[in-house]
Every structure is written in structure tokens, then in C-alpha cells.
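A short worksheet on the structure shown next.
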Amino acid sequence: MSFSQEQEQKLLEVLKDSKYKVLNKPEIQVIYHLGMFTGQRLKDCVLLRWDKVDLKRKRIWVKQFKTGKEVTIPIAPKLQDVLGCVHTIESIIMANRIKPANIISGLS
């Protein structure tokens, strides 16, 4: 699935605006940015583990679920900001323990 530029903008506006109540909003924000900045499928974004992310070298290593292909993806500066606000639970990248103000500042 791909979004038009207008759809991407609208989704980002909803994720940034506190008047919209969205279940698991912080997690969706992280998944949104992973998808938009890596081009990976939803399942690959959701299953991404910290041992496959190197923030210092600005790289993500993914073994794509659908194809089995292993790829290395550079981390864009905006994605780096978002990932820098995320905490870990059982080595899977999660956002449910971040401070909302931190992730919102990383989204602008």
C-alpha cells in the first residue's frame, strides 16, 4: 500500500494533533516513520528489533518477511530523531513508554 503526498500529510497531521484520539498513537507514530523513511512493509516495521538498528552508524538491517531478502537501510535524520525517543521492551522497538512531548518534537 502506498499513500499520496496529500494522504501522508493528513496522516502526519492527525498523529501530531492532540485533539485526535488514536489508540496506541505513539506506536503508530514510530511505525509510520519507519515505513515512510525505510519503504519497508508494515510487518517488517512492526517486527523490527533493536539489535538490527545502529543509531551511531545510522543503519537498519532488515530480513524482509515476505521475500527473505536481507537489506541495509540508511536512517534518515528525522527517523533518527524519532528512534532516539523510543524505549525497548524485550528488544522489540516500542513507543509506549516514551514521553509524548519527546516524540512530537521529533516529528516536526
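So what J values fall out for segment 55-70 if you push phi through Karplus, 6.51 cos²θ - 1.76 cosθ + 1.60 with θ = phi - 60°, rounded to Hz, Gly and Pro as x?
5, 5, 8, 6, 9, 10, 10, 10, 9, 4, 4, 6, 9, x, 6, 9
Report, by chain and number, residues whose modeled amide H sits under 5 Å from the one on R59, excluding near sequence neighbours (fewer than 5 apart, same chain).
D54, I75
No value in this document is a laboratory result; all are computed from the given coordinates. Owing to the predicted nature of the structure, the values given are computational and were not obtained by experimental measurement.
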